[in-house]
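This report concerns only the one structure given below.
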Amino acid sequence: MVKINGKETKTQGMSLLQYLVQEGYHTERLAVECNEEIVPRSRYAEKILRDGDVLEIVSFVGGG
Amino acid sequence: MVSEKEIDDALALRHTRQVQEKLKKAKAAVCGLGGLGSHIAGALARCGVGSLHLIDDDRVDLSNLNRQQYTLAQLGMPKPEALKEWLLSFNPYLKICTDCVRMTEENTGELLKDDPYICEAFDQPETKAMLTNYVLEHFPERYLVGASGMAGFGESNRIHTRRITSHYYLCGDEISGIETCGSLMAPRVMLCAAHQANKMIELILQGGRES
C-alpha cells in the first residue's frame, strides 16, 4: 500500500504517471512529493510507486 | 520625517528588540502581486521584515481593485512599483527590490538566487506548479509558502495552513478555484494571504518545526 495524501491506496506497481492519469489529474498543475522529496516532473513516468511510499499530491486551483 | 531609529523602536516596542532585529535582517520574495501577494507584502512590511523582493509582470487594472492593495491613481503602473510606493509610505527604510517580469522555468533560478524565504502568490495553477516544482527541486534548503483555494466567500475556517514538507507549506482550502467558484473576493483572499504571511513570520523567527 502507498499512502497518498494521508490515505492508504492500492497502486499495484503503477508508475506515478499512470496513477495521476487514472485519477484524472492535470499533471501541469501538480507538485508531487514522495517521502518528503519533490518528484521532478520529468520523472513521473519512470517513478514506480512502492509499498510504504508516502506521497503528497498538491493539485493547484486558480485564484490569487 | 520619521527616522529609521524611531520606526525600529516602535516595532521593538511591539515585538521586543530581539524579534524586531531578526525580522529586519530577513529577506523574503513575494512572487505574484495580486490579491495574495499585495497583502502578504503589506503584512510582512508592517512587521518590519527588512528586505522584500517583489516580482510580477502585470500592471494595475481596474478589475484588480476589488481585492488587491492598489488605488485608482495607480492604474496602469507596474504592480511591483505600485506596491513598493505603498509599502514605503509606512516604512521608508525597507529595502525593496522589484522585478517587473514574468517568472518562467528559465529565469526563476536567477531571480530567486538570493531569497531564502519565498512566497508563491500567483493566480494561474500552472504558474503555481512551475514555481513550486522549481523551488523544491533546485532550492530544497529554502522555505516556500504557497497557496491554493481561496475563491468565493464564507467558509473562513476551511482556509488552513498545511505542512507538505519541512520546507514547504500550503495555505488555502485546496479546493475553491476561480474555475469552479467564479469569484475572487477580498475577505477570503486576504484570509489566505494572512495565513501565508503568518507562516512566513513563524519560519523566519522559528524555522520549520517538525510535525
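Values computed for the structure shown
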| item | result |
| --- | --- |
| Sequence-separation-based contact order of the range B:4-206, relative, with Cα cut under 8 Å and 6+ spacing, percent | 22 |
| A/B buried area, accessible surface, summed, 1.4 Å probe, Å² | 2000 |
| Label-zone membership for the range B:132-158, site B:N198, 7 angstrom Cα→C-beta point, backbone N under 19 Å | B:144-158 |
| Probe 1.4 Å, all protein chains present, accessible-area order of A:F60, B:F90, largest first | B:F90, A:F60 |
| Exposure ranking of A:I57, B:I175 by accessible area [1.4 Å probe, largest first] | B:I175, A:I57 |
| Accessible area of chain A divided out per residue, in Å², using a probe of 1.4 angstrom | 54 |
| Formal net charge of residues neighbouring A:I57 (Cβ-Cβ distance under 9 Å; K, R +1; D, E -1) | -3 |
| Virtual spin-label span in nm between B:N107 and B:K25, 7 Å along Cα→Cβ | 3.2 |
| Calculated diffusion of chain B, Stokes-Einstein form, Kirkwood radius summed over Cα pairs, 4 °C and 1.567 mPa s, µm²/s | 75 |
| From phi via Karplus (6.51, -1.76, 1.60), per-residue ³J(HN,Hα) for the range B:26-34 in Hz, x at Gly/Pro | 6, 10, 10, 9, 10, 9, x, 10, x |
| Accessible surface of B:Y169 - all protein chains present, 1.4 Å probe, nearest 10 Å² | 10 |
| Cβ neighbours within 10 Å from other chains - mean over A:30-43 | 5 |
| Solvent exposure, largest accessible area first (probe 1.4 Å, DNA, RNA and ligands not counted), of B:E110, B:E126, A:E36 | B:E110, A:E36, B:E126 |
| Share of carbon and sulfur in the accessible heavy-atom surface of the protein assembly as shown [1.4 Å probe, %] | 50 |
| Cut-off under 5 Å, modelled amide H: who pairs with A:V39 long-range | A:V32, A:E33, A:C34 |
| Ranked packing of B:151-162, B:114-125, most packed first, by mean Cβ within 10 Å | B:114-125, B:151-162 |
| Cβ-derived FRET efficiency at R0 22 Å, B:D57 paired with A:E28, nearest 0.05 | 0.65 |
| Shielding by partners, peptide A:49-60 (average Cβ within 10 angstrom, other chains) | 4 |
| DSSP beta bridges in the range B:4-206 [antiparallel fraction, %, rounded to 5] | 20 |
| The range B:160-204 and the range B:76-155: distance between their alpha carbon centers, rounded to Å | 14 |
| CD proxy at 222 nm, helix term only [per DSSP H run n ≥ 4: -39500 (n - 2.57); per residue of chain B; nearest 500] | -13000 deg cm²/dmol |
| Expected 222 nm ellipticity per residue - DSSP helices of 4 or more, -39500 (n - 2.57), all of chain A, to 500 | -2500 deg cm²/dmol |
| Share, in percent, of DSSP beta bridges within the range B:115-211 that are antiparallel, nearest 5 | 40 |
| Mean accessible surface per residue for the range B:1-124, computed with a 1.4 Å probe while every protein chain stays in place, in Å² | 48 |
| Given B:K22/B:K113; B:K24/B:K84; A:K47/B:K113; B:K24/B:K199, the pairs whose alpha carbons are separated by over 19 Å | B:K22/B:K113; A:K47/B:K113 |
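The values are calculated or read from the model by the stated rules, or taken from the named source; none is laboratory data. Remember, it's a predicted structure, so these values are computed and weren't measured experimentally. Note that we place each Cβ from the backbone using ideal geometry, even for glycine, and neighbour counts take in every protein chain shown. Ligands, DNA and RNA are excluded from the accessible area calculation, which covers all protein heavy atoms including side chains. Shrake-Rupley method; radii C 1.70, N 1.55, O 1.52, S 1.80 Å.
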